[in-house]
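Scroll down for the structure; my scribbles are underneath it.
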Amino acid sequence: MIKLRTEVERQSLKQQIAPGDSLFLIGSCFTDHIGSWLKDMWLPVTCNPWGVLFNPASIAMSLSRAASFHADGYRPELHLRDGLFHSFDHHGSFSMNDEAEMTARIVDCETKAADALSAARHVVVTLGTAWVYERDSHVVANCHKFPASEFTRRMLSVDEIVGCFSPLISDRHWVFTVSPIRHVRDGLHANQLSKATLLLAIDRLQQLFPSQVEYLPAYELLIDDLRDYRFYADDLVHPSQLGVEMVRQLVTDCCFSAAMKQYVAEATSIRKALDHRPSDPDSPQHRAFVAQTLARRDQLLHSAGLTACVQQRNL
C-alpha cells in the first residue's frame, strides 16, 4: 500500500477529559482556536483570561500569580504611553486611558482566573516561542510598542522553562503542546531552535512528573503530517480552517473519554442547528425548531451533569 502521509501516532492520554471536567487553557493564539470550540459546546472552559501569551515565562508567571492570588494585596504595575496605560503582564486588550478603571478590570480578571484555576481538573498549556523580551530583567508578556531600546531579547533555556513550571505542577492534570504556528519574523532557523527548546523542556517535565504531565502532538500534526499548504491560511503560517479541524480531531481522538466523544458529537449537531440562519426567523416553524433544539441542548447538559446556564452568543 502506498502511503501519502507520515501520520502522527494518536495515543490516548492517560488522563482523559470527561464532559463535566473543568478546563483551564492558556497560551498562544492557537489556544483560542481550541478554547472557542469547547466553549461553543457549553463546556466548563476558561481560556486565556490574561489574553494571548506566547512565551513560557509569561505563561508560568501568570499561572503562579493565579495560584496564590489575593485581591487585597494586588495592584498591577501600569505604564503610561501615548495617553494609554499598559501592563507588561497583560494583553493589549486591557490597555485603557483610565488608570483606576484599568486597575479594577485587571483585578477582576485576576480574581476570576484564580477561581477558575483552582477549580480546574485539567490545565492545557500551548507554548508558542522560547524567545522572550526582558525589561529591567523582567520578562514581559507584551511590549505594547514601547521603544525597542527598552528591551533585551534572548531565548530561554530548557532548564529555565522547566524551572518556571516545576513549582506549579500539582495533583491536577497538565497537557502541554507546542503551537505549530511558525514565528517567521525570528527567521525559520531561529524559529526551529525555539520550537526545539520548547519540545525538550516539555519532555523534561514529562520525565519529572510522569503522572501529571502529558504531551499532545499538535505541532507534529501540522509540521510533519499535514505538510500541504491547503492546511494553512493565506499567510502560510497560521492553520486554515481545515487545519484547525484536523487539530480538533486530534484533540478528540487523544484527549476525550468515550462519554466526552459522544457528548461532543451531539453538541456539535445542536450547535450547527442553532447556527442555522433561516430565510424567515420569525416564522412559527422556525420558532418551534429553535425551541426543540434548545430543549435538546438542555437535555444534553442535564445528562452530562453540566450547568443549564449556557452562553447566549451565537444562538
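Measuring from label point to label point, each 7 Å out along Cα→Cβ, what is the HIS79 to SER12 span in nm?
4.8
Determine the percent antiparallel among the DSSP beta bridges restricted to segment 23-256, to the nearest 5. Display every interim value, and only then the final one.
Values: 13 of 30 bridges.
Here the share of antiparallel DSSP bridges comes out near 45 percent.
Taking 7 Å along the Cα-to-C-beta vector as the label spot, tell me the SER303-PHE209 distance in nanometres, rounded to one decimal.
With each label placed 7 Å out from Cα toward Cβ, I get 3.6 nm.
Would you please give the residues with an amide H less than 5 Å from that of VAL124, counting only those at least 5 places away or on a separate chain, with H modeled from the backbone geometry?
For VAL124, whose amide H was placed from the backbone, the distant partners under 5 Å are PHE24, LEU25, ILE26, VAL175.
Report the net charge of residues surrounding VAL162, where surrounding means a beta-carbon distance below 14 angstrom and charges are Lys +1, Arg +1, Asp -1, Glu -1.
Cβ neighbours under 14 Å give a net charge of -2.
What percent does the relative contact order of segment 23-256 come to when contacts are Cα pairs within less than 8 Å and at least six residues apart?
Here the relative contact order equals 19 percent.
Lys and Arg at +1, Asp and Glu at -1: add these up for the other residues within a Cβ distance under 13 Å of HIS79 and post the number. Mind dumping the intermediate values first?
Details: positive: ARG81, ARG135, LYS145; negative: GLU77, ASP82, ASP89, GLU99, ASP136, GLU150.
Once all neighbours under 13 Å are counted, the net charge is -3.
Counting Lys +1, Arg +1, Asp -1, Glu -1, what net charge surrounds LEU200 among other residues with beta carbon under 15 Å of its beta carbon?
Details: positive: LYS195, ARG204; negative: ASP159, GLU160, ASP203, GLU220.
Counting the neighbours of LEU200, the net charge comes to -2.
Give me P(r) over the chain, computed from all C-alpha to C-alpha distances, binned every 20 Å, as integer percentages.
That works out to 29, 56, 14, 0, in percent per bin.
Only residues of segment 235-271 count here: report those whose backbone N is under 14 Å from the spot 7 Å along Cα→Cβ of PHE289, or say none.
Within reach of a label on PHE289, which here means backbone N under 14 Å from a point 7 Å along Cα→Cβ, segment 235-271 contributes 270-271.
So, by mean Cβ neighbours within 10 angstrom, what's the order for 117-123, 218-224 with the highest one leading?
Values: 117-123: 18.1, 218-224: 20.0.
Highest to lowest by the protection proxy: 218-224, 117-123.
Whole Å is fine, so just give me how far the alpha carbon centre of segment 156-179 lies from that of segment 263-307.
39
Over every pair of different alpha-carbon atoms in segment 29-118, take the mean of 1/r and invert it; report that Kirkwood radius in Å.
Details: mean 1/r = 0.0714 Å⁻¹.
Its Kirkwood hydrodynamic radius stands at 14.0 Å.
Is it possible to state the helix-based mean residue ellipticity at 222 nm for the chain, with each DSSP H run of 4+ residues giving -39500 (n - 2.57), the sum divided by total residues, to the nearest 500 deg cm²/dmol? What is it? Don't skip to the end; give the middle numbers.
Working: 8 runs with 126 residues, N = 315.
-13000 deg cm²/dmol, from helical runs alone.
For TYR232, what residues show an amide H to amide H distance below 5 Å, using hydrogens built from the backbone and excluding near sequence neighbours?
Result for TYR232 returns SER240.
Laboratory data are not the source of any read-out in this text; all were calculated from the coordinates shown. Since the structure is predicted, the reported quantities are computational estimates derived from the model, not experimental observations. Don't worry about glycine lacking a Cβ; one is built from the backbone with ideal geometry, like all the others, and counts go over all protein chains shown.
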